[in-house]
Each structure stands twice: as C-alpha cells, then as structure tokens.
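What follows draws every value from the coordinates through simple rules; no lab data is involved. Everything quoted here is computed from the prediction, not taken from an experiment. Glycine gets a Cβ as well: all are built from the backbone with ideal geometry, and neighbour counts include every protein chain shown.
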Amino acid sequence: MSRLQVVSGKGGTGKTTVAAALALALATEGKRALLVEVEGRQGIAQLFETQALPYEERKIAVAPGGGEVYALAIDPELALLDYLQMFYKMGGAGRALKKLGAIDFATTIAPGLRDVLLTGKACEAVRRKDKAGRFVYDYVVMDAPPTGRITRFLNVNDEVAGLARIGPIHNQAQAVMRVLKSPETAVHLVTLLEEMPVQETADGIAELRAARLPVGRVIVNMMRPEVLDAADLELVRGVPRAAVAKSLSAAGLGGARRGGLAERLVDPLLGQAEEYAERHALEREQRAVLADLGLPVHELPLLAEGMDLAGLYALARELREQDLSW
Ligand SMILES: Nc1ncnc2c1ncn2[C@@H]1O[C@H](COP(=O)(O)OP(=O)(O)O)[C@@H](O)[C@H]1O
Ligand SMILES: [Mg+2]
C-alpha cells in the first residue's frame, strides 16, 4: 500500500476534489493523512470551507472513525527559503536573495528546481517520523499538476540534471526520485468518461510508464447515473409509437389518440431515450478504452446538488466502499 498518493488528471475533472476525498477515505480508523497542494490555488481551503492555508501543516478535517486530515499548501518561494536555510544556513540571506530576485530565478527560470522543492517537501512528509520512530503521516495525498505536466513534474531528476550534477540539489533530487519511483508512491489519474479526457489519460499513463513512475489507478469522476441498461435500450429501439402512447395514457398522462397529451409526449420521450442511448454507447466505448489500460478503475458519482463538505464525505465513503487497498 503506497504511502504517497499522487492525484493528477485533466484540468477540471476533479483532481482537487478526488485528492481531498481520498485523504478523508485513507484517514479512517485513527489514521493520519496529509493533503498537499502544490499549485497555489487554495483549492483545498475552498473545498473544506476554511480560510486560505498558510505554509504550514494544519488539521482541516476529522475523518469518520477518528482519523485526521492535515493540509499543506506548499509555497515554492517559502520552500526555497526553507531549503536554503537547511543546506546553507541562510535564513536572513534568503530574505536578501528574495529581494535580489534569486527566488524569481529559481521558481520561474529554473522550473526543475521549483519542482524538486515541491516534490521534496511531499517526500519529506512521507518519510518524517516522530520521536517514537513512527511515521507522522500514514499517508500523504498530493493534489498534483495536470496530466500534461505530471511526468515532467515528478521526473525531477532529469529536470535538475542540467542544473546541478553534484551538491545538495543533486542529492535532494536523487532522494526524491528514490521515493517517487518506489512502490511507496502511486500516481492516480482522474478522468471523465468522455473521449478527450480518456485519451489524455491513456497518453498520460504511457508517459508515466515510459518514465518508470508507478501508475496507480484511474478514477472516473462525475459519473452520471445509469437510467436505462442495455436491455432497456434494446426494448426502446423496437417499441411501436402507439404502444408507448397507450402506456403513457394508462399511466394517467392523457389520451393516446392523435392529438391527445399521451400521444404528443411520445416523440419527446423517444427523443430523450435516443439521446441517452447515444451517451450510453459512447460511455461503453470509453470504458473499453480504460479497461485496456490494465489498471484498476474506480467510479465516483456526479453529485447533482454540487460539491460541499457533505458531498466530499459522500465521495470519501464511495472510495472506501470500492476497496482501498491502494
Ligand atoms: N463528483 C463530483 N460531483 C459534482 N461536482 C464535482 C465532482 N467532482 C468535482 N466537482 C466539481 O467540479 C469542479 C472541478 O473540480 P476540481 O476538483 O476543482 O477539479 P480540478 O482540481 O481537476 O481542476 C469543482 O467545481 C468541483 O466542485
Ligand atoms: Mg484543482
């Protein structure tokens, strides 16, 4: 079971939501999970309906069964100061560097360095132990960059190779890669059951595999409920209009004769069934594409009332029910 759970996926498919639900799901029964945000959007704070997160670990939720979820929004600038402090004892000098623009250099001109600081912070949390020698966090869940950037983001070794061949940055990158490429890490991809995001998911997985990063699971988010199954759809195709009108009429929806209410409802009703049948067929195709990836696939429902805390807990419950031996 991987202790570092990285959640990526096409933008807008629900990375932040799924990462948060996963942290809640993993933190049951007295476990402790740290939810880490690396893109500075304060999406986690919004989701948990709390104030913006500072650059420090903070308890934000209690999971069912007494587990705890902590959250951390990693600020790359502050992570760089931390890093300089750790290796070069440059606390005050760090602030001076900031004024000189060194931080701009490190965070915008050398993105590889920025990434190694972000992943490094998450890996540090994974390995951190308390005085008794126990892991401080049972799980670290990362709300990671989207599919298009995830491999590069995690492959920090390659990124900083041109920047530092020896020295602390190099060592840091190596240590981070050891964790990221080990079974201690699993990279999950969130998708919708639609052609574009599914294709992006397949491409992303191929990239991750090529980079020898451990791919975990596919999470299909915002699944709409199945209204009619394949057998129902078959029935709809063959049913005569007159029979539909008669049934509607029998259900109390007006006359079945020409011009009667029931008769007028037939076309819109069959039109909807047709539309649904198309969606159903598309979804079936995309499910087949996902099945070919050879990974466990999870499905989370579309919460029709929109997302709130109760919805988040409901998604966590869904995940727990779907086998959490991740
Ligand atoms: N299962 C769901 N049901 C309903 N709304 C959802 C669900 N998952 C995510 N959302 C909503 O979709 C939007 C995008 O989700 P978010 O987690 O912010 O995506 P990302 O982090 O990938 O950009 C948000 O408004 C969120 O509340
Ligand atoms: Mg997000």
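Our note on the geometry: Cα centres of region 1-63 and region 223-250, 42 Å apart.
Note on LYS181, LYS15: ascending count of other Cβ atoms within 10 Å places them as LYS181, LYS15, the fewest first. Among LYS121, LYS131, the ranking by other beta carbons within 10 Å of each residue's beta carbon, starting with the fewest, stands as LYS131, LYS121. Around the amide H of VAL215, modelled in the peptide plane, lie the amide H atoms of VAL187, all under 5 Å away and 5 or more residues distant in sequence or on another chain. Any chance you could check the Cα centroid distance between region 294-326 and region 155-210 for me, in angstrom? Answer, in whole Å: 25. Assign one of three labels to region 198-291, namely rounded, prolate or oblate, based on the Cα gyration tensor with a ≥ b ≥ c the square roots of its eigenvalues; rounded applies when a/c is under 1.5, prolate when it is not and a/b is larger than b/c, and oblate otherwise. Prolate, since a/c reaches 1.5 and a/b exceeds b/c. Could you give me the percent of Cα pairs per 10 Å distance bin for the chain, shortest bin first, beginning at zero and ending with the bin that holds the maximum distance? In whole percents, the pair-distance histogram is 6, 23, 28, 19, 11, 7, 4, 2, 0.
The alpha carbons of region 127-210 give a radius of gyration and a Dmax of 15.7, 50 Å, in that order. Calculated from the alpha-carbon coordinates, region 269-326 shows an Rg and a Dmax of 15.2, 43 Å respectively.
Build a GNM of the chain with springs between Cα atoms under 10 Å apart, and of ASP308, ASP75, ASP115 the one that fluctuates most is ASP308. The GNM of the chain, with springs linking C-alpha atoms under 10 angstrom apart, assigns the highest mean-square fluctuation among ALA61, ALA21, ALA316 to ALA61. Estimated from helices alone, the mean residue ellipticity of the chain at 222 nm is -15500 deg cm²/dmol (sum of -39500 (n - 2.57) over DSSP H runs with n ≥ 4, per residue). Rounded, prolate or oblate: pick one for region 1-66, where a ≥ b ≥ c are the square roots of the eigenvalues of its C-alpha gyration tensor, a/c under 1.5 means rounded, and failing that, prolate if a/b is larger than b/c, else oblate. Note, shape of region 1-66 comes out oblate.
Build a GNM of the chain with springs between Cα atoms under 10 Å apart, and of GLY14, GLY43, GLY260 the one that fluctuates most is GLY260.
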